[in-house]
1. Out of segment A:99-126, which residues are in a helix (DSSP H, G or I), more than 9 Å from chain C (Cβ to nearest Cβ) and within 25 Å of the chain's Cα centre (by Cα)?
2. So B:Ser43 fits all but one of (1) within 29 Å of B:Ala242 (Cβ to Cβ); (2) touching a strand residue (DSSP E or B) at 6+ places or on another chain (Cβ under 9 Å); what number is the exception?
3. I need the full set of residues from segment A:228-246 which are within 15 Å of A:Gly314 (Cα to Cα), within 13 Å of another protein chain (Cβ to nearest Cβ) and crowded, with 24+ Cβ neighbours inside 10 Å, in order please.
4. Looking only at segment C:122-160, count how many residues are of a type in the set (A, V, I, L, M, F, W, C) and over 19 Å from the mean Cα position of the chain (by Cα).
5. Inside segment A:229-328, counting only strands (runs of 3 or more DSSP E) that do not spill past its ends, which hold 2 or more residues that are within 24 Å of the chain's Cα centre (by Cα) and more than 30 Å from B:Val218 (Cβ to Cβ)?
6. Which helices (runs of 4 or more DSSP H) sit wholly inside segment B:203-276 and have at least 1 residues that are of a type in the set (Ser, Thr, Tyr)?
7. For the condition acidic (Asp, Glu), within 23 Å of B:Asn215 (Cα to Cα) and within 14 Å of chain B (Cβ to nearest Cβ), what is the one hit in A:Asp179, A:Asp214?
Amino acid sequence: MTGPLLAVEGLTKRYPVDRGPLRKPAALLAVDGVSLTVGRGETLALVGESGSGKTTVARCLMRLAEPDAGRVAFGGVDVLALEGTALRAFRRRMQMVFQDPYGSLNPRMRVGSAVREPLEIHGLARGAEAEERTVALFREVGLDPAYRKAFPHELSGGQRQRVGIARALAVGPEFLVLDEPVSALDVSVQAQVLALLRELQERRGLTYLFIAHDLAVVRQMATRVAVMYLGKIVEEGPADRVFAGALHPYTWSLLSAVPVPDPDAQRKRIVLEGDPPSPVDPPPGCPFHPRCPHPEKTDRCRADLPLLRESEPGRTAACHYARPRPGL
Amino acid sequence: MTPLLEVRDLTITFPVRDGVALAADGVSLAIDGGETLALVGESGCGKTVTALSLLRLLPESARVSPQSRIVFDGADLLTLDAEALRRVRGARMAMVFQEPMTSLNPVLSIGTQLAETVEAHEPVRRRAALDRAAEMLALVGLPDPRRVLRQYPHELSGGMRQRAMIAMALICGPRLLIADEPTTALDVTVQAQILELLASLRQRLGMSLLLITHNLGVAAGIADRVAVMYGGQIVETATCQALFAAPAHPYTAGLLQAAPRLDGPARPTPAIPGAVPPATAWPAGCRFHPRCARAWDKCGREEPPLLDAGPARASRCWLVADPSGGRA
Amino acid sequence: MTRLRMGLLLVGALVAIALLAPLLAPYPPAAQLDLEALRGVAPSWAHPLGTDVYSRDLFSRLLYGARISLTIALLAVTLSVGVGTLVGLGAGYAGGVVDTLLMRTVDAGLAVPKIFVALVVLALWENVTIGAIVAILGLTGWFGVSRIVRAEVMSAKSREYVQAARVLGAPPWRILARHILPNVAAPVIVTAALGVGQVVLVEAGLSYLGIGVPQPTPSWGNIIADGQSVLLAAPWIATSAGVAIIVTVLAFSILGDGLREHLDPRHP
């Protein structure tokens with residue numbers, strides 16, 4: 001089948017914000033017209049900080065939240081229109097791994113049961129066969145099947161995350177949404193889980209949407225990168241090109257802010273002023289302009305919203321003056 | 001020059017459900033005036049327990065062994081009475097925690113909390129205390145300090161709260177600031193700001209900084225010296241330059257290799273095999289030996305002490321004494 | 001000894017007494033033994049707690065009273081918790097209109113004083129049976145439980161493991177039964193344990209007023225009523241029943257507290 005496996009167009013999600021009894025509720029634009037595609041076998045990294053909307057995008061794709069506008073096509077199927085049995089069938093093709101390895105497992109359910117549950121829900125296997133498949137899944141993610149009887153609190157963070165992965169794989173999906181799958185883990189465990197994810201991708205031919213805020217981690221996993229800021233994508237392109245020469249000043253800042261384990265790295269760090277603004281009151285014009293370190297920033301930035309435009313073949317950026325960071 | 005803080009043989013145990021956890025075992029370290037020491041390690045290594053013990057903030061169930069010594073500015077903190085300890089805390093040694101939301105009182109305004117800190121240690125009136133508070137807030141880079149004084153923690157963003165926390169810690173001019181994972185809960189661009197702030201403050205105020213972190217990049221950016229912990233013990237100490245250039249201990253080397261880096265190759269980093277053992281059952285001999293690629297039979301039999309590995313360097317590894325590693 | 005253990009012991013003892021009453025009681029509770037000689041006799045070997053004004057053995061009446069009062073309380077609480085949990089689950093999970101409707105009903109229910117309703121209904125009822133008392137007390141007591149359950153369900157709904165279950169395609173009934181209910185059970189159990197003590201008190205009050213358990217069936221409440229008129233002459237009648245009530249309420253309180261300690265902090 002040609003064409004991308006996942007195609008998202010104009011995805012928009014608003015949350016009402018209560019402003020007290022006397023004022024009309026405001027609309028928090030968590031996701032604002034996001035479009036992206038993921039080809040089969042690729043890993044698209046969706047990068048951003050808190051308030052960027054990346055988690056909301058994931059929730060909309062998984063139909064945990066209903067978007068206000070936009071289209072989501074998975075393998076040609078309109079995901080947003082699915083209901084009932086069709087929706088349940090879709091869930092066998094696209095699954096999710098969550099960020100919090102503890103919170104995403106039912107504390108009162110043994111982890112073996114948690115991994116077996118999707119098999120039961122979808123009628124894929126029962127009884128002994130279900131148990132066999134659970135054992136196989138445990139082995140596949142590098143867990144000793146003896147742990148099936150354990151409760152989540154008896155396992156380490158890395159082990160719980162493996163359980164989460166096994167659970168997502170139980171239904172045999174083609175596509176995994178990974179929501180910050182290693183952010184809560186220690187460095188040495190992170191490396192193990194990332195290696196596992198790469199291995200699984202090859203072995204099962206999986207496609208990933210990898211959501212993260214840690215660019216160093218993203219670099220190891222991503223074929224393409226999309227950077228989000230305040231609900232919009234501000235830059236997108238092949239990972240190696242974006243890392244070698246980011247075109248959007250926010251991406252420059254993100255890259256330079258990542259701490260590098262090398263005291264000699266003479267890094268001219270861009271330190272942004274202020275905090276990521278709340279999506280409730282976005283400034284007019286370019287949402288990034290108040291903090292933007294671009295040397296060629298002008299008044300146009302304050303007034304005109306830059307659209308996501310192709311600046312080089314295969315790369316887009318939402319900046320009036322998109323270019324690689326000067327002086328590097 | 002006598003060090004400002006000297007910890008000798010600190011050993012801390014906790015009773016837990018299935019035995020006794022040896023959280024810190026004979027930890028010794030020293031910080032000079034004006035120096036920044038990074039205490040680096042993953043979960044379960046004992047670094048947070050060590051930090052909490054310095055201000056005697058450990059939970060009731062913790063047992064500090066009688067031979068432990070924490071000598072700060074000449075006095076052994078472990079033997080101080082409650083009133084003397086209170087005078088040290090906040091005024092001469094202060095601490096900043098990971099989660100600014102939970103360490104700030106949500107029902108008191110920032111101004112009140114800061115002023116109370118001053119009033120607890122110095123004979124000043126509320127007005128003077130608030131003036132000091134406003135100065136501190138400006139010093140930590142908060143815009144419009146007078147307004148922030150009146151605000152409550154939930155009205156501030158994560159980065160601002162952490163700055164307020166830092167202001168509160170520094171308001172009485174302590175000589176040592178302990179920062180326990182101060183940036184872990186923050187976005188990466190905000191993290192960069194806070195680290196810059198800490199670096200500039202310690203310069204301006206001439207204070208020492210003990211930074212607890214699991215992120216090697218963070219340590220590399222700010223520390224003069226680094227101490228790496230594993231299994232409740234210090235396994236390596238060195239100057240920042242020396243450690244990152246050529247780590248002496250295999251665990252440090254493993255961590256450096258496993259850490260995802262922006263400036264390295266774009267493929268998954270090699271993981272340290274195995275997992276951290278539980279604190280109730282550290283392995284015999286060297287605690288790291290079951291996971292160490294260079295271990296030989298001596299490592300499983302005899303626990304190595306911290307061996308001198310060069311000028312201002314030490315490593316808890318038999319390779320220091322015997323670089324050929326048993327392969328004679 | 002932990003609170004939980006103490007609570008379990010006390011409640012266990014009470015339940016045992018209630019179950020074994022027919023074996024432990026020396027006399028049938030309604031038997032008027034000797035209207036001439038044994039009226040209002042003080043405690044003695046033959047009658048450890050004396051007799052009441054109708055020459056009925058008080059000890060036996062108290063034991064059977066335990067049976068009656070505890071049975072009513074336990075059944076009523078079961079009914080309350082059952083209905084309350086169902087309503088709470090429905091309102092909390094469904095949200096929207098269903099939630100609003102159910103919760104406004106609950107608000108109305110909570111606004112009406114339970115005792116008042118019980119008084120009116122029972123006073124007008126012709127032949128009050130134990131079943132009727134259980135029904136009244138149970139059906140007036142579920143409102144609070146439903147609020148607690150609803151709050152727990154709403155907070156559980158947003159937990160990641162519930163979202164994970166939705167993403168896996170689990171149908172709502174399965175999410176409620178396997179993911180939400182086990183994790184909201186704790187506060188419900190605590191409320192139930194404490195609730196038993198409360199119902200014992202209410203039932204005692206109603207029986208005392210004469211509209212609860214009908215004579216000659218003993219209930220601690222109506223024993224107090226019997227003893228009230230002769231309080232100075234035969235204090236042991238009212239006092240023994242009063243103490244029994246106090247001990248029971250205390251026992252369930254301790255059990256409730258013990259359960260709360262045991263269930264809450266350890267299992268997040």
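1. A:Val111, A:Val115
2. Failed condition: (2).
3. Within segment A:228-246, A:Val242, A:Ala246 meet the criteria.
4. Residues flagged as of a type in the set (A, V, I, L, M, F, W, C) and over 19 Å from the mean Cα position of the chain (by Cα) within segment C:122-160 amount to 7.
5. A:309-312, A:315-317
6. B:250-258
7. Answer to the check: A:Asp214.
Here's the yes/no breakdown for (1) out of contact with any strand residue (DSSP E or B) (no Cβ under 9 Å at 6 or more places or on another chain); (2) facing chain A (nearest Cβ under 7 Å); (3) surrounded by 23 or more Cβ atoms within 10 Å (Cβ to Cβ); (4) of a type outside the set (A, V, I, L, M):
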residue	(1), (2), (3), (4)
B:Leu211	no, no, yes, no
B:Ala220	no, yes, yes, no
B:Ala227	no, no, yes, no
B:Ala238	no, no, yes, no
B:Gln257	yes, no, no, yes
B:Asp263	yes, yes, no, yes
B:Val276	no, no, no, no
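The values are calculated or read from the model by the stated rules, or taken from the named source; none is laboratory data. What you see is a predicted model; the values in this text were computed from it and never measured. Because the Cβ atoms are built from the backbone with ideal geometry, glycine has one as well, and the counts that use them run over all protein chains shown.
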